[in-house]
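The values are calculated or read from the model by the stated rules, or taken from the named source; none is laboratory data. All of these numbers come straight from a predicted model, not from anything done at the bench. Glycine also receives a Cβ, built like all others from the backbone with ideal geometry; neighbour counts cover every protein chain displayed.
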Amino acid sequence: MPTFHPLCSDHAVISSARARIHGTATPGTSVTVTLAGVSVLTTTGNDGRWLAEFPALPPGGPHTLSARDASGEVIATDILLGEVWLGSGQSNMEYNLSQTKETEADIAASHETLLRVFMVVKASHSAGPLTTLSGRWQVSNPREAGTLSAVAYYFGRKMVAETGLPFGIIVSAWGGSSIAPWLPEATLHTRPEYAAFVAELAQIRATAIPADQYKQYEDPGIAAHAANWSSPDLNDADWTLLNVPGQWQDEGWGFNGAVWYRRTVEIPADWVGHDLELYLGIVDDFDRTFVNGTQVGAMGIETPNWWSTPRYHTVPAALVTSATLHLAVRVFDIWGGGGIMGNVTLRPVGQPDAKPVALSGRWRAKAELELPRRFPGGPALAPSVLWNAMIAPLLGTSFNGILWYQGESDTERARLYQRLLTDLINTWRDAFDAPELPFGIVQLANYMARKTSPSEDSWAALREAQRRVALHVPACGLATVIDAGEADDIHPRYKRTVGERLALWALHQAYGYTALPYSGPQPAELWPDADGLRIRFTHATGLRVRGDGLRGFQLLTTDGTWHWADTATIANDTVFVQATVAPEPVAVRYAWQSNPETTLENAAGLPASPFHLSL
C-alpha cells in the first residue's frame with residue numbers, strides 16, 4: 001500500500017501553485033493520487049519512491065488527499081492548498097513561542113486554522129542525503145502554539161492576516177549550527193576556500209564512534225547516586241540555579257545527558273484534593289516528571305515527534321494533600337540544546353477559568369549524567385550533515401519562499417560568509433527547482449556590550465556580508481533587526497519584530513504589496529562633499545533621527561584609522577558626515593559594532609542597516 005511523505009500528512013499545507021505530492025510504494029507500480037477532485041497517475045521508481053505533480057489548484061480547503069495502488073489506499077485529511085515557506089538556520093529560528101517574552105496573550109489568541117507549522121525533528125547524517133524525516137503538522141491554536149517556532153508563527157500570522165491565504169511554514173533548524181552543515185558536500189568541493197570543510201568531514205567520518213558502539217537514543221535510566229533526587233525531603237540547597245524555560249548549554253553546561261530540575265511551589269488552598277495539570281511545554285529531549293516523589297508523567301523515544309510535543313502531565317488528587325508541592329523533572333538530552341522549554345504552569349483540571357500558577361524562573365538543577373560526544377564538536381557542526389538529514393528529505397516539496405536566520409556561529413569567518421551564503425541560496429534554489437525562489441535573510445541582531453571606540457568587529461562584518469548578499473543576489477531580502485536584540489542574550493526573546501519584518505519583505509517581494517514599506521534605509525551611493533562624505537539612501541522616505549541625535553558613523557582616513565564622525569545631518573534622502581580629525585575621509589561605516597546605537601530610520605520606523613562603504 002502507498003505511504004505519504006511526512007510533509008503530505010494530516011493538516012498539511014500544499015502549494016496551490018505547484019502541488020507536488022510524494023511518497024513510497026512497491027517499485028514499478030502505478031499510483032493514483034487525488035487532491036481537490038483532481039487525480040494524477042504516477043509510477044513508482046526502482047527506489048520505491050513516487051512523485052505526483054498537479055496543475056495549479058485554487059487555494060483553500062480543507063481537502064482529503066488520497067493515494068491508491070493495486071494493494072490499497074492511504075488517506076490524509078484536513079489538507080489546505082496555499083503558500084508553503086521553509087524556515088531554516090540556528091537557534092533563533094528554532095526558538096518557540098513558549099521560550100520568548102510576553103507571548104502569553106498571543107498564545108491564548110492563536111486560533112488560526114489557516115496557519116500550520118511543521119517542526120522538523122533534529123537529525124544529522126554524515127554518510128549522504130536521506131529521503132525522509134520526522135515531524136508533524138501542527139495547526140495554530142493555544143494548545144500547540146507554544147511549541148511553534150516564534151519567528152515562523154509571527155511571520156505566518158501576518159501573512160495570513162494580510163493575504164487571507166493558508167500558510168504552512170516548515171521549520172528545519174538546529175541551534176548552534178554554522179552554515180557549512182547546511183551545504184551539500186558536492187558544493188563544498190567546488191571552491192578551494194572550502195577545503196577545510198571537506199577535510200573536516202573526512203576526519204569526522206574517520207573518527208566517529210560506530211553506531212553499534214554508541215546507542216544514540218538509549219537512556220540508561222536513573223543512576224544509583226540520583227535515586228532519591230525526586231524526593232521532597234532531599235536537601236538541594238547546594239544545587240545550581242538554571243532558567244526555565246531555557247537550555248542549560250546557554251548557561252555554560254556544555255554537554256548532553258541527564259539533568260534534574262527541582263522546584264517547590266505553593267498552590268491555592270482550594271486546589272488541595274483536586275487533580276491538577278502540570279504543563280511543561282516541550283522538553284528537549286525526554287522527561288520523567290515527579291510530584292512529591294511520585295512519577296506523574298514521562299515522555300521518551302516511544303512517542304512520535306517527542307522533540308516538538310508539549311507535556312501535559314496530570315497530578316492525581318491523591319498527591320495534592322497540602323498547599324505545598326515538590327516538583328522534580330529529570331531531562332534526558334540527546335543532541336543540541338537541552339532543558340525545559342515551556343513557560344511551566346500548574347492549574348486545576350476542569351476549571352478553565354482558574355488562574356494558573358506560573359513556574360517560569362530559576363529552578364534548582366544538578367547533572368546526573370554527561371554523554372560522550374558521537375562527533376568531535378557535535379553533529380550540528382559537521383559540514384553537510386544537516387543538508388543530508390534535514391534539507392535533502394524536503395526535496396520534491398514546492399516552496400513559495402525561504403526564511404534564513406543564521407550567522408551567529410559564523411562570525412569568525414565573516415569574510416567567507418558572503419560566498420557561503422550565496423552558494424547556499426543558489427544550491428537550494430537549484431535543488432528545489434525554483435531558480436527565483438524568494439529568500440529572506442535575517443540580519444544579526446545587536447548583542448554584547450557596547451564599545452566606546454571605533455574598532456574592527458566580527459559581528460558587524462557578518463552583518464555586512466548578509467547585506468551584500470541581499471543586495472546582489474536576485475529575489476533576496478534583508479530583515480534588519482539591529483534594534484531588536486539584547487546585550488546579554490544571544491537569543492533575543494522578542495521575535496515578533498523579526499517575523500513581522502520578514503513578512504513585510506515577503507508581502508512586497510512575492511505578493512504584490514509594492515506600496516508597502518518593507519525595509520529600513522539602505523546605503524546606495526557615496527561621494528565626497530566639502531571635507532566630509534555624503535551618503536544617499538534608498539528606502540529613505542521620511543529619513544529621520546531615532547532618539548536624541550544622529551550617531552554611530554565612523555570615518556576612515558588614509559592612514560587606516562577610524563574616527564567617530566562629530567557631525568551627521570540629514571538632507572532629504574542623504575546623510576552628510578564629517579569629522580574634524582578626518583578632513584579627507586575615504587570610507588564610512590555605520591552601526592559598526594556588535595551592539596551599536598540605532599539612530600537612523602525612515603518614516604515607517606524601520607531602522608537603517610549597518611553598513612561599510614568606500615569611495
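What do you reckon, is Thr132 out of contact with any strand residue (DSSP E or B) (no Cβ under 8 Å at 6 or more places or on another chain) and surrounded by fewer than 19 Cβ atoms within 10 Å (Cβ to Cβ)? Criteria met by Thr132. Listed by first and then second residue, the pairs with beta-carbon distance under 6 Å, at least 6 apart or on different chains, first residue in the range 567-579 and assigned by TED's automatic domain parsing to the domain that holds Leu533 and among the small types (Gly, Ala, Ser), second assigned to a loop (DSSP other than H, G, I, E, B) and surrounded by fewer than 18 Cβ atoms within 10 Å (Cβ to Cβ), are Ala579/Asp566.
For the range 444-487, the set of residues classified as surrounded by fewer than 18 Cβ atoms within 10 Å (Cβ to Cβ), of a type in the set (D, E, K, R), touching a residue at least 24 places away in the same chain (Cβ under 8 Å) and outside any helix (DSSP H, G or I) consists of Arg450, Lys451, Glu486, listed by residue number.
Identification of strands (runs of 3 or more DSSP E) wholly contained in the range 108-193 with 2 or more residues that are farther than 16 Å from Gly401 by Cα yields 112-119, 137-140. Of the residues making up the range 136-148, those that are touching a helix residue (DSSP H, G or I) at 6+ places or on another chain (Cβ under 6 Å) and not aliphatic (A, V, I, L, M) number 3. Of everything in the range 234-286, what is surrounded by 17 or more Cβ atoms within 10 Å (Cβ to Cβ) and β-branched (Val, Ile, Thr)? Give them in sequence order. Hits for the range 234-286 are Val244, Val259, Ile267, Ile282, Val283. Residues that are over 19 Å from Ser172 (Cα atoms), buried (at least 24 other Cβ atoms within 10 Å of the Cβ) and in contact (Cβ under 8 Å) with a residue 40 or more places away in the chain: does the range 403-413 have at least one? No; the residues of the range 403-413 include none that is over 19 Å from Ser172 (Cα atoms), buried (at least 24 other Cβ atoms within 10 Å of the Cβ) and in contact (Cβ under 8 Å) with a residue 40 or more places away in the chain.
Residues that are modelled with pLDDT of 95 or more and farther than 22 Å from Thr3 by Cα within the range 62-92 comprise Gly82, Glu83, Trp85, Leu86, Gly87, Ser88, Gly89, listed in sequence order. Every condition in (1) at negative phi; (2) part of a loop (DSSP other than H, G, I, E, B); (3) under 26 Å from the mean Cα position of the chain (by Cα) is met by Pro58 except one, and the failing one is (3).
For the range 174-193, a tally of residues being without any contact (Cβ under 8 Å) to a residue 40 or more places away in the chain and over 18 Å from Gly128 (Cα atoms) returns 1. Only residues that are at pLDDT 95 or above, over 20 Å from Asp106 (Cβ atoms) and of a type in the set (Gly, Ala, Ser) were counted across the range 488-520, and they come to 4.
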